[in-house]
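The values are calculated or read from the model by the stated rules, or taken from the named source; none is laboratory data. None of these values were measured; they are calculated from a predicted model. Here the Cβ positions follow ideal geometry from the backbone for every residue, glycine too, while neighbour counts run over all protein chains shown. These accessible areas exclude ligands, DNA and RNA; they are computed on the full protein's heavy atoms, side chains included. Shrake-Rupley method; radii C 1.70, N 1.55, O 1.52, S 1.80 Å.
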Amino acid sequence: MGKDTIKLTRKIQLQVDAPTKEEKTEVYDTLYRWQNRSFKAANLIVSHLYVQEMIKEFLYLSEGVRYKLADDKKAEDGILDRHRISTTYRVVSDRFKGEIPTNILNNLNNNIINNFRNNLPEYIRGERSLANFKRNIAFPFGPVGIHGLSYEEEKKAFCFRLFSIPLKTYLGKDYTDKRSLLEQVIAGKIKLCTSKIQLKRQKIYLLATFEFEKEKHSLKPEVIAEASLSLEYPITVKSGKATLSIGNREEFLYRRLAIQASQKRAQSGATYCRPGKGRKRKTKAVDKFYELEKNYVSNRLHVYSRKLIDFCIKHQAGTLILLNQEDKIGIAKEEDGFLLRNWNYYELTTKIKYKAKKAGIELIVG
């Protein structure tokens, strides 16, 4: 039986909650220092993990060398002076102590160890290269890192302290569930789990992870809904005698192709735009249409996947089968470049998986 809870991540923009410019500059300096130390620590951790795992492959070592990765106090042939998990944490803790909160280093270490173990078989077979972390890494922290989360009416924002740093949310014209989720955290209805801070283009983002109970619906596992994805109709679903076609080719493609045409015109005219700040100023309109297309597609796929799950709930279908998806994706890659460019099979499938899991529907991809 699966878990009764589900985790959901939301990207929330933050602002520094400080009165003076000097204090804000100091906060940014601190956050960028933490990001830099996280970047260095992450690459150190993954390097040490790989060496530890592959040390038995070092055939050129002498025969008398012991290589059992265990505490020498607990195992006769152990070569470590502590538990294996704490070795990498100790490495980065000793190096960056006082420069970054240890809570960040601890969560970073745990995340990398879990990902390394999941990918280890591919590392050993030589099918995957070792992870390489970039300077713009999002650094994780535990729930204990957030203090005094509350909504302040004067500032019209949720305010809190990240360790010792004062921050507040900037939701703008938010039509999603971010405000509702934060209100539920304050009320104690849902839990805030290990989250991340991302710094991007001088902006601060909180990648907040919430844990809450799955939706409870009167579903019947024996009732099956069969859905297929295509270009003519984004989703066609059938359960018993009931059928539903969600969206159509013209609805989805007309607007997307119109945005692409506008983007091409902007690219052609970029040559004659006033430079101002170089390439960034010239391509401002092009970037605008790129974001517009991405947001439009994401919105449409959210709507389609939502209607599919609502159909399953209405007809009490506890099992949802996506038919022949692997074959369709393969055909799109091999034969139809237009289809591959303009129809997001993978993204739509991902959104369906998430919403099905949240509603307690078992999803089978055929």
Restricted to segment 16-53, and to residues that are open to solvent by 70 Å² or more (accessible area, probe 1.4 Å) and over 19 Å from Leu105 (Cα atoms), which residue is modelled with the lowest pLDDT? Val51
In the list Tyr170, Tyr254, which residue meets the criterion of being modelled with pLDDT under 85 and surrounded by fewer than 18 Cβ atoms within 10 Å (Cβ to Cβ)? Tyr254
Of the numbered conditions (1) modelled with pLDDT under 90; (2) surrounded by fewer than 15 Cβ atoms within 10 Å (Cβ to Cβ), Ile6 fails exactly one; give the number of that condition. (2)
If Phe133 satisfies all but one of (1) modelled with pLDDT of 90 or more; (2) on the phi > 0 side of the Ramachandran plot, what's the number of the condition it fails? (2)
Could you grab me the full set of residues in segment 65-101 that are touching a helix residue (DSSP H, G or I) at 6+ places or on another chain (Cβ under 6 Å), assigned to a helix (DSSP H, G or I) and either open to solvent by 60 Å² or more (accessible area, probe 1.4 Å) or at pLDDT below 85 (or both)? Tyr89
Test of understanding: among Glu213, Glu226, Glu222, Glu232, which residue is of a type in the set (Asp, Glu), open to solvent by 70 Å² or more (accessible area, probe 1.4 Å) and under 30 Å from Ile186 (Cα atoms)? Glu213
Regarding Leu130, is this residue within 22 Å of the chain's Cα centre (by Cα), surrounded by fewer than 16 Cβ atoms within 10 Å (Cβ to Cβ) and touching a residue at least 40 places away in the same chain (Cβ under 8 Å)? yes
Cβ-Cβ under 6 Å, sequence separation 6+ or interchain: first residue in segment 150-166 and on the phi > 0 side of the Ramachandran plot, partner not in a strand (DSSP E or B). Which pairs? Phe163/Pro101; Phe163/Gly145
